[in-house]
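Following: one structure in structure tokens, then a few remarks.
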Amino acid sequence: MLDLGRLRALHAVSVHGSVGAAAAALGYTPSAVSQQIAKLERETRTTLLERRGRGVRLTDEAYQLAATAEQLLSIVEQAEVRLEERRGLPAGRLSIGCFASAARGLMPRVLADLAARHPALDARLTEVDPHISIELVGRGVIDLAVAHDWDISPMPSPPGLEQAVIGDDLCDVLVPRGHPLAGRTSVRREELAEQRWITQPPGSVCHDWLMQTLRSTGCEPHVVHQAEENHTQVALVAAGLGIAMVPRLGRGTLPPEVTPVRLDPVPTRRLHALWRTGAARRPAITETVRTLQEHWPEVASAAT
């Protein structure tokens, strides 16, 4: 009889690509994940992981077993959902994937509220890019994703997932104090053609939005610095090294060297909660989504 916990460990490695990343997602140590897979190898009398440099790769047999594990984990999830639904109370472990600024600006108060009102619920947060979090929900690696899209690039509706709107997050152009735009109440997109931009690296949602928006005005954005963290972008703006488009959520108080200017029309990104259709009746899901929506107005107001 194969052990489900060991299959879960193998499945996590197949999804995340390494023992360390799988351990972080599961809340274990890398050593514990390695031990689980070593035991699974002895049970199956099969080599599942092969060393490649500093990392590992799954064998063909491991990929087949991981695919079966995904099916078994889905069946287990359905059983857990039915039990939790009968009890009518949020309970058990709930894994949440969330992008950085929401993890900082929204999730702390949401998780604290859930912990206070539902002690039987073990909600666990992992910071992850929106595109990746949606994929992880679809594959059953995490239970709930908090993701976002932009007004000019709506989020598709992935098959097998349901979603609910949490709220809208507005963005401002941040310029250094003394910049020619610093005294303006608003600026149009066409006026930003010659600016030196600070943005996230290519492939991120925010970077793609900036490129698409400015190119729609007929200009090629002049990107001089790239930084994943919004706080790093703010620091670069404060040093007079360029301007940035930064959402209000999780931005925090701006330093005196930075001035926000409203862009006309105002860029908006919409926050969504996404979960698998099979888990839609799970009280832990419905209560977490409700709590996200409940706290959003206060969070959005504080971010203005």
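When the dipole is taken about the Cα centre of the chain, and only Lys, Arg (+1) and Asp, Glu (-1) are charged at their Cβ, what size is it in debye, to the nearest 20? Don't skip to the end; give the middle numbers.
On the way: 33 positive and 35 negative charges, 110 e Å.
Dipole about the Cα centre, nearest 20: 520 debye.
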Open item on the list: To check my understanding: the extent here is largest minus smallest coordinate of the Cα atoms along each principal axis. What are those three numbers for region 230-289, in Å, largest first?
Closed with: 51, 24, 15
Open item on the list: 7 Å from Cα along Cα→Cβ at both Arg51 and Leu241: what's the point-to-point distance in nm?
Closed with: 4.0
Task: Within the chain, helix-based [θ] at 222 nm, where runs of 4 or more DSSP H residues each add -39,500 (n - 2.57), nearest 500 - done: -13500 deg cm²/dmol
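What number comes out for accessible area per residue over the chain if the probe is 1.4 Å? Units Å², please. Can you show the working numbers first?
Details: 14860 Å² over 304 residues.
Result: 49 Å² per residue.
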Task: Spread of Cα-to-Cα distances over 10 Å intervals beginning at zero, given as percent, for region 17-159 - done: 10, 31, 35, 20, 5, 0
TODO: Would you please put 42-54, 216-228, 7-19 in order of how densely packed they are, using the mean number of other Cβ atoms within 10 angstrom per residue and starting with the highest?
DONE: 7-19, 216-228, 42-54
Task: P(r) weight above 24 Å for the chain, C-alpha pairs, percent - done: 58
Open item on the list: Can you tell me the orientation of helix 107-117 relative to the chain, as the angle in degrees between its alpha-carbon axis and the longest Cα principal axis, to the nearest 10?
Closed with: 50
Task: Rel. contact order, % - alpha carbon contacts under 8 angstrom, at least six apart, region 154-231 - done: 27
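What do you get for Rg/Rh of region 1-82 when both radii come from the Cα atoms and Rh is the Kirkwood radius? Mind dumping the intermediate values first?
Details: Rg = 12.3 Å, Rh = 12.7 Å.
When Rh is taken as the Kirkwood radius, the ratio is 0.96.
How much of the DSSP beta bridge set in region 44-167 is antiparallel, as a percent to the nearest 5? Write out the running numbers ahead of the final one.
Values: 5 of 15 bridges.
Expressed as a percentage, antiparallel bridges in region 44-167 total about 35.
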Task: Largest-first principal axis extents of the Cα set of region 108-254 (Å) - done: 55, 33, 24
Open item on the list: Can you give me the Rg/Rh ratio for region 193-256, using Cα atoms for both radii and the Kirkwood formula for Rh?
Closed with: 0.95
Task: Calculated FRET efficiency for the pair Gln293/Ala120, C-beta based, R₀ 25 Å, to 0.05 - done: 0.70
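What dipole magnitude, in Debye to the nearest 20, does region 48-184 give about its Cα centre under +1 on Lys/Arg Cβ and -1 on Asp/Glu Cβ? Please list the in-between numbers first.
Values: 15 positive and 20 negative charges, 111 e Å.
Charge dipole, region 48-184, about its Cα centre: 540 debye, nearest 20.
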Task: Spin-label pair Thr59/Glu162, simplified geometry with 7 Å Cα→Cβ offset, distance in nm - done: 4.2
TODO: Take the Cα of Arg188, step 7 Å along the line toward its Cβ, and report every residue of region 195-225 whose backbone nitrogen sits under 17 Å from that point.
DONE: 195, 213-219
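In terms of the ratio Rg/(2.2 N^0.38 Å) built on C-alpha atoms, what value belongs to region 179-304?
Numbers: Rg = 17.3 Å, N = 126, 2.2 N^0.38 = 13.8 Å.
Taking the Cα Rg and dividing by 2.2 N^0.38 Å, one obtains 1.26.
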Task: In degrees, nearest ten, helix 60-87 long axis to first principal axis of the chain (Cα) - done: 80
Open item on the list: Below 8 Å between Cα atoms, with a sequence gap of 6+, how large is the relative contact order for the chain in percent?
Closed with: 22
- [ ] Note down the nm distance, to one decimal, between modelled labels 7 Å out along Cα→Cβ at Gln226 and at Ala67.
- [x] 3.4
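Let me check against my output: what whole-number percent is the relative contact order of region 35-176, with C-alpha pairs under 8 Å and at least 6 apart?
Details: 122 pairs, mean separation 26.2, N = 142.
Contact order relative to length: 18 percent.
The values are calculated or read from the model by the stated rules, or taken from the named source; none is laboratory data. Values in this document were obtained by computation on a predicted structure and should not be read as measured data. A quick note on method: Cβ atoms are made from the backbone with ideal geometry, for glycine too, and the neighbour counts reach across all protein chains shown. Accessible surface is based on the protein model in full, side chains and every heavy atom, while ligands, DNA and RNA are left aside. Shrake-Rupley method; radii C 1.70, N 1.55, O 1.52, S 1.80 Å.
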